[in-house]
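*Asks:* Take a look at this one; I'll ask things after.
Just so it is clear, none of the values below were taken in a lab; they were calculated from the coordinates. None of the values given here were measured: they were computed from a predicted structure. Glycine also receives a Cβ, built like all others from the backbone with ideal geometry; neighbour counts cover every protein chain displayed.
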Amino acid sequence: MIKLALFGAGRIGKIHGHNVVLNPQAELVALHDPYQPNADSLSAALGCAQMTPEQIFSDPSITGILVCSATDTHADLIEQAVLAGKHVFCEKPIDLSLARVQQVVAKVNASPITSMLAFNRRFDANFALLQQRIAAGDIGDVELVSIISKDPSPPPVDYIRVSGGLFRDMTIHDFDMARVLLGEEIVQVTAQASCLVDPAIGLAGDVDTALVTLRTASGKLAQISNSRRASFGYDQRFEVHGSLGMLTAANVNEHTLTSYTQAGVTSARPLHFFLERYAAAYQSELASFIAALNGADVALPSMDDGLQALRLAEAALLSVAQYRTVAVSEIS
């Protein structure tokens, strides 16, 4: 039985903690969160002990850790996991500093531990099927990828200030999926961005609306459309065009009922937010990590995948600031 410890008892920590409890191949034995009310509540709900980081890393019975704490703790916790020889599952991003992420990735790559960065969208059943159909050659050579990713409403401005901004916090998932779907590394980034949803976001130094174009060395293209506001729900759609056809992945709606009357045709809205939309994907990604620790041959998003997505985010920021196309090679 794989024994795991959880860092972070906030919203995402609760999701992963409960998913460990649901998995018969693993046991959550400990958690740590410096905010005691959250730690008390979640440890009681999950039936696990509370431990200090020192106790977790020194406990030989704990096989791996789940890093679901504040972003500014991720890099240090990953490095401590490497030193302790514990496998690590980490929420994105590793850090907001590209240089710091490079340090962490180098240490992880030089160690024997199994590590995973939680790019949960790769594990959505619809998107996973899309990837499988591309790999099977159903649409021939991929030529053009379109990603639409819009939140129903912006997060609080206090969160915006510490999030790293739209490209590092939100678009980073889309950068990862673009890399997967294109099947090639991206070499150029062109981005435009505005603040159209909430002026307070602009005053906090961020944007809330963006368009990004990506290009690979062979000329394959991807476009990403982002907004912090979609009044109808969580808008998550993919279109992949290839030499032999096209694949699309649509929104997941609240239900499948459609009404046809003289007044018109109506159906349900998309699910409201990521907690509902990606609930099954969260279960699947954590199950994949646990399976890997049990010896299964499972493809996991790596820490290097996190590094490459962050490089694209930095390129997008530079593109917006300088009104030009940025070569990814400039971001080192």
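*Asks:* Per DSSP H run of at least 4 residues, take -39500 (n - 2.57); add these up for the chain, divide by its residues and hand me the 222 nm value, nearest 500 deg cm²/dmol.
*Replies:* Numbers: 13 runs with 133 residues, N = 332.
Mean residue ellipticity, 222 nm, calculated: -12000 deg cm²/dmol.
*Asks:* Mind ranking 138-144, 311-317 by how tightly packed they are, going by the mean number of other C-beta atoms within 10 angstrom, highest first? Spell out each step's value before the answer.
*Replies:* Values: 138-144: 15.3, 311-317: 25.0.
Put in order of decreasing packing, that is 311-317, 138-144.
*Asks:* Based on the Cα coordinates of segment 139-210, what is the per residue volume of their convex hull in Å³? Walk me through the numbers on the way to the answer.
*Replies:* Values: hull volume 7.4 nm³, N = 72.
Enclosed volume per residue, from the Cα hull, is 103 Å³.
*Asks:* Take every DSSP beta bridge whose two residues both sit in the chain, then give the antiparallel share in percent to the nearest 5.
*Replies:* Working: 35 of 61 bridges.
Among the beta bridges of the chain, antiparallel pairing accounts for roughly 55 percent.
*Asks:* If you don't mind, there's one more thing I want to ask. Can you tell me the dipole magnitude for the chain around its Cα centre, using point charges on the Cβ only (Lys, Arg +1; Asp, Glu -1), in Debye to the nearest 20? Write down the numbers at each step before the final one.
*Replies:* Working: 23 positive and 34 negative charges, 77 e Å.
It comes to approximately 360 debye.
*Asks:* Using the Karplus curve 6.51 cos²θ - 1.76 cosθ + 1.60 with θ = phi - 60°, work out ³J(HN,Hα) for each residue of segment 43-52 in order, rounded to whole Hz, and write x for Gly and Pro.
*Replies:* Calculated HN-Hα couplings, in order: 5, 5, 5, 9, x, 10, 7, 9, 9, 6 Hz.
*Asks:* Largest first and in whole Å, give the semi-axes of the chain's equivalent ellipsoid, each being the square root of 5 times a Cα gyration tensor eigenvalue. Could you put the intermediate results ahead of the total?
*Replies:* On the way: eigenvalues 205, 114, 93 Å².
Listed largest to smallest, the semi-axes of the chain are 32, 24, 22 Å.
*Asks:* I'd like the per residue volume of the convex hull spanned by the Cα atoms of segment 28-71, given in cubic angstrom.
*Replies:* Working: hull volume 3.2 nm³, N = 44.
Cα-based convex hull of segment 28-71, divided per residue, equals 74 Å³.
*Asks:* Residue farthest toward the positive end of the dipole of the chain, with Cβ of Lys/Arg at +1 and Asp/Glu at -1: which of 271, 55, 177?
*Replies:* 271
*Asks:* Sticking with this structure for a sec: Within 10 Å of each residue's Cβ, count the other Cβ atoms and sort 127, 89, 119 from fewest upward.
*Replies:* Working: 127 20, 89 27, 119 24.
Ascending number of Cβ neighbours within 10 Å: 127, 119, 89.
*Asks:* Add +1 for every Lys or Arg and -1 for every Asp or Glu among the other residues with Cβ under 11 Å from the Cβ of residue 41, and state the total. List each step's numbers first, then the result.
*Replies:* On the way: positive: 14; negative: 33, 40.
Around residue 41, the surrounding residues sum to -1.
*Asks:* Would you compute the Debye intensity of segment 237-332 from its alpha-carbon atoms alone, equal scatterers and no solvent, and pass along log10 I(q)/I(0) at q = 0.10, 0.12, 0.19, 0.20 Å⁻¹ to two decimals?
*Replies:* For segment 237-332, the Cα-only Debye profile gives -0.57, -0.79, -1.11, -1.11.
*Asks:* Near residue 328, within a Cβ-to-Cβ distance under 13 Å, what is the net charge of the other residues, with Lys and Arg +1 and Asp and Glu -1?
*Replies:* Details: positive: 179, 215, 311; negative: 184, 185, 314, 330.
Here the charged neighbours net out to -1.
*Asks:* Going highest first, how would you order 262-268, 167-173, 191-197, 322-328 by mean Cβ packing within 10 Å? Mind showing how you got there, number by number?
*Replies:* On the way: 262-268: 9.0, 167-173: 23.0, 191-197: 17.9, 322-328: 13.6.
Descending packing order for the listed peptides: 167-173, 191-197, 322-328, 262-268.
*Asks:* Alpha carbons only, please: Rg and Dmax for segment 2-113, in angstrom.
*Replies:* When restricted to Cα atoms, segment 2-113 yields Rg and Dmax of 13.3, 38 Å.
*Asks:* Ok, one more. Using Cα positions and a limit of under 26 Å, work out the lysines in reach of residue 14, with same-chain residues fewer than 8 apart set aside.
*Replies:* 3, 86, 92, 150
*Asks:* Still on this structure, please answer the following. Cα-Cα pairs above 13 Å in segment 39-94: how many percent?
*Replies:* Values: 953 of 1540 pairs.
So the portion of pairs separated by more than 13 Å is 62 percent.
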